[in-house]
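Comments concern the structure below.
The values are calculated or read from the model by the stated rules, or taken from the named source; none is laboratory data. Note that this is a predicted model, so its numbers are computed, not measured. Positions of Cβ are generated from backbone atoms using ideal geometry, with glycine treated the same way; all protein chains shown enter the neighbour counts. Keep in mind that these areas ignore ligands, DNA and RNA; they rest on the heavy atoms of the full protein, side chains included. Shrake-Rupley method; radii C 1.70, N 1.55, O 1.52, S 1.80 Å.
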Amino acid sequence: MSKEFDVVVIGAGPGGYIAAIRAAQLGKTVACIEKWKNPAGALKLGGTCLNMGCIPSKALLASSEEFENAAKHLGDHGISVSDVKLDVSKMLARKDGIVEKMTKGIEFLFRKNKITWLKGHGKFTGRNDAGVQIEVSGEGETEVVTAKNVIIATGSKARHLPNIPVDNKLIADNEGALSFDSVPKKLAVIGAGVIGLELGSVWRRLGADVTVLEALPQFLGAADEALAKEAAKQFKKQGLDIHLGVRIGEVKTTDNGVSIAYTDNAGNAQTLDADRLIVSIGRVPNTDNLGLDAIGLAADERGFIPVDDHCATKVPNVYAIGDVVRGPMLAHKAEDEGVAVAEIIDGQKPHIDYNCIPWVIYTEPEIAWVGKTEQQLKAEGREYKTGQFPMMANGRALGIGKAEGFVKMIADAKTDEILGVHVISADASDLIAEAVVAMEFKAASEDIGRICHPHPSLSEVMREAALAVDKRALNM
Ligand code: NAI
């Protein structure tokens, strides 16, 4: 007889493992199917986020920031260091150690919550009165389990350009770009999105000469224009060479590296020679070999699994969350959907306000926003007012030597409800959390303006931006 579970989750990334934990907390019997192997061949939980995404990239961002600080900025504090050297293998080992700790942590959480880890590839084989049948194969004996409820959380993989094979050495996606064994002298990046900017920044700080080629004519099109403009200015100052509106032609690997032919925004043919190339042009959902048709499901033309506002597919008791469904490909969005679906299975009525999901780009300065951009509100014809306050006028920002950027708040012209908050500054990823809370509670800009903020702290800039909405910032 096949094993039966109340809930089977396919995929143990941040969407899947959180869904499994929440379902177990609610008293369900839970299994989670995961097949990810690390480069040493060991099976690991955590998916892309922990193994090849958020966590390792933030480790390298921190290492490269320390290196750049030591090499360039400590002098401002009157501290002189000489002969700053980088040991790339040690830096990578530190990153791998953090990943190992985090993935082991999820194994612990699975044991603690009595979640069964089914090791291997999950594939639907059918559906009957008992539930949905899923075959788990690839590691040891193939087995079939029955699930009363299924949560598909299979995530996404890097999109590659046609005819440009990624070997993760010379030409890398996010995976290879997290493990270059030396600092390339010249690094080319195709795609000025989140991964291109974050990993481009890592290798630039470590000494690479980085050129980014972006197809769209506009930089960071999804961000508020003021933020995108400031980011472009800061990145240029740092030496990131970003070319917009390009069309990529032939990419050849040579004895010395990679040669990228492209047409620039004026229509001129150009060639970029580099030691290495990162291809970061978006991601595609993982729906290969899932056996969706065996239960009457199909991915749409872009590979996403169609779901309603509550992550339910058209098949009863089968849900899908995270990168494999509509919406931003963000770990925290997947987590929230995982919790919500586990609670729906439990008979609860949770709700996710997708307008309150924050975006973060971990560059220096960091970029973060929540809610609507000014251009979106303009297009909607909504009347709004804005307040902006520079980090430069904040004592703490000056003290830590990170006075670039600003906070911009947008509020409804009549009701003063906060409609969007846009931050470019040090620690923007943490500062934005206050704005998320405010928007979830439908706060007015006046509310933030009246709340006591610790002094001296970067968070005071949030308050000043709120006061600036009413043209009464105090320190400007
Ligand atoms: P992205 O969607 O952020 O950016 C891809 C960029 O490549 C776009 O600007 C696009 O216009 C450009 N592009 C597409 N085709 C191109 C071509 N043929 N030639 C030149 N440029 C081209 O995708 P990215 O950076 O690969 O990241 C993938 C996903 O991972 C994103 O959805 C992102 O949200 C997520 N992610 C989130 C992070 C975070 O929250 N901090 C960190 C890293 C990834």
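List of remarks:
- Measuring nothing but how far apart in sequence close Cα pairs (under 8 Å, 6+ apart) lie, relative to its length, region 308-385 scores a relative contact order of 17 percent.
- Long-range amide H partners of Val307 with built H, under 5 Å: Arg326
- Excluding ligands, DNA and RNA, the accessible surface per residue across the chain is 46 Å² with a 1.4 Å probe.
- Annotation note: GluC sites (Glu not before Pro) in region 362-444 located in DSSP loop regions with a Cβ neighbour count of at most 13 within 10 Å are Glu383.
- The Stokes-Einstein estimate for region 262-345, based on a Kirkwood radius over Cα pairs and taken at 37 °C with 0.692 mPa s viscosity, is a diffusion coefficient of 211 µm²/s.
- Relative contact order of region 171-281, pairs being alpha-carbon contacts under 8 Å that are 6 or more residues apart, as %: 35
- Here the extension length gained between Ala62 and Lys349 equals 99.4 nm, from 0.36 nm per residue of separation less the Cα-Cα distance.
- Other-chain or far-sequence residues with amide H under 5 Å of Gly420's (modelled H): Lys372, Ile410
- Accessible area (Å², 1.4 Å probe, nearest 10) - Lys402: 50
- Length-normalised contact order for the chain - Cα pairs under 8 Å, 6+ apart - percent: 14
- Trypsin sites (Lys or Arg not before Pro) restricted to region 299-363 and DSSP loop, no more than 11 other C-beta within 10 Å: Arg302
- Dipole of region 373-476 computed with +1 at Lys/Arg Cβ and -1 at Asp/Glu Cβ about the Cα centre; of Leu474, Leu431, Ile451, farthest Cα towards the positive end is Leu474.
- Using a Förster distance of 30 Å, the FRET efficiency for Arg382-Asn113 (Cβ separation, nearest 0.05): 0.10
- Neighbourhood charge, 14 Å Cβ-Cβ cut-off, centred on Arg247 and excluding it, Lys, Arg +1 and Asp, Glu -1: -3
- Sparse-neighbour loop sites [trypsin sites (Lys or Arg not before Pro); region 109-205; at most 14 other C-beta within 10 Å; DSSP]: Lys114, Arg159, Lys169, Lys185
- Divide the volume of the convex hull around the Cα atoms of the chain by the residue count and you get 172 Å³ per residue.
- Carbon + sulfur, % of accessible area of the chain - ligands and nucleic acids excluded, 1.4 Å: 51
- Region 249-324 and region 141-213: distance between their alpha carbon centers, rounded to Å: 11
- Using θ = phi - 60° and Karplus 6.51 cos²θ - 1.76 cosθ + 1.60, couplings along region 27-32 (whole Hz; Gly, Pro as x): x, 7, 7, 10, 10, 10
- Taking every DSSP helix (H) stretch of at least 4 residues in the chain, weighting each as -39,500 (n - 2.57) and dividing the sum by the residue count yields a mean residue ellipticity at 222 nm of -9000 deg cm²/dmol.
- Each residue, Val315 and Lys85, gets one label point 7 Å from its Cα in the Cβ direction; the gap between the two is 5.8 nm.
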